[in-house]
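Here is the structure we will look at, set down as C-alpha cells.
The values are calculated or read from the model by the stated rules, or taken from the named source; none is laboratory data. If you're wondering where the values come from, they're calculated on a predicted model, not measured in any experiment. All Cβ positions, glycine included, derive from the backbone under ideal geometry; neighbour counts span all protein chains shown.
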Amino acid sequence: MKGACCTILKTPSPAEAVTGWLVGACLVAAITGCGPAEQPTPSTGFTTGTARQPTGDRVTAPGIRDISFDDITFEMEQGAAFSRELLPERVTDLAGSHIRIRGYILPSFQQSGLTQFVLVRDNMECCFGPGAALYDCIVVSMQPGRSTDFSVRPVAVTGVFRLKELIGPDGKHLAIYALDGEEVR
C-alpha cells in the first residue's frame, strides 16, 4: 500500500499547541513524581492554606493593574472538579482588565519566537500533575506580530486577563486563565 508508512504532519492550531504543552507537562510531572508541594509562606504578609490572601492589586501605569498569582487564587478541594462558581468576585472582576503579572515561562521545546506559552507562579515547584492548583498557571497568547523568548528568570507579562477554561483530552481542566499578551519583560 503506497504511503502507508508515512504520516502527514500538520501545523497544530494554537489551542492544540497549548494543550500539547500542558499535557506534556502533566506527563513529565507524573513520570518524575512531581506533585503539588507545600507552598512556602512568602514574607510579604500572605497566609498559609490552600488559597493565599490577595496582595491587593496596584495601578502602576496608566490603566494597567499590577497583580500577583496570589490575587487569582481561590478555595478548591484537592481533586475536586472545577466550576466557575468557585471563583471569588475579586477574580471574576479581573476578567477583561489590562494587567501585569510576574511569573516564569514554562519550558517547552521552542526557545525563541514564542507566540504562546504557559506562565506559572514558580519555577522551583511543579505546577502540574495530579492535584495541581489551577490558579497557578495562565495560558498566554501574544498579540499578532509579538513574541518573546524563553527565560529561566522571572518575567512580567502585560495584557488583557481572561477567564478561559482549557480542558484536556481526559475531560479535566488544565487551565482556567488566559492572557492576551502585549509585552513580556
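What to note about this one:
- Only listed residue being surrounded by fewer than 17 Cβ atoms within 10 Å (Cβ to Cβ) and either at pLDDT 80 or above or touching a Ser or Thr at 6+ places or on another chain (Cβ under 8 Å) (or both), chosen from Arg52, Arg102: Arg102
- Residue within the stretch 127-144 that is over 22 Å from Gln111 (Cβ atoms), of a type in the set (A, V, I, L, M, F, W, C), at pLDDT 95 or above and in a strand (DSSP E or B) present: no
- Unique match (being buried (at least 21 other Cβ atoms within 10 Å of the Cβ) and either free of Cβ contacts under 8 Å to residues at least 12 places away in the same chain or under 30 Å from Pro62 (Cβ atoms) (or both)) among Gly96, Gly159, Gly171, Gly113: Gly159
- All of Glu77, Glu85 fail the test of being modelled with pLDDT of 95 or more, of a type in the set (Asp, Glu), surrounded by fewer than 15 Cβ atoms within 10 Å (Cβ to Cβ) and not in a strand (DSSP E or B), apart from Glu85.
- Yes/no for Arg121 being in contact (Cβ under 8 Å) with a residue 40 or more places away in the chain, touching a Leu at 6+ places or on another chain (Cβ under 9 Å) and charged (D, E, K, R): no
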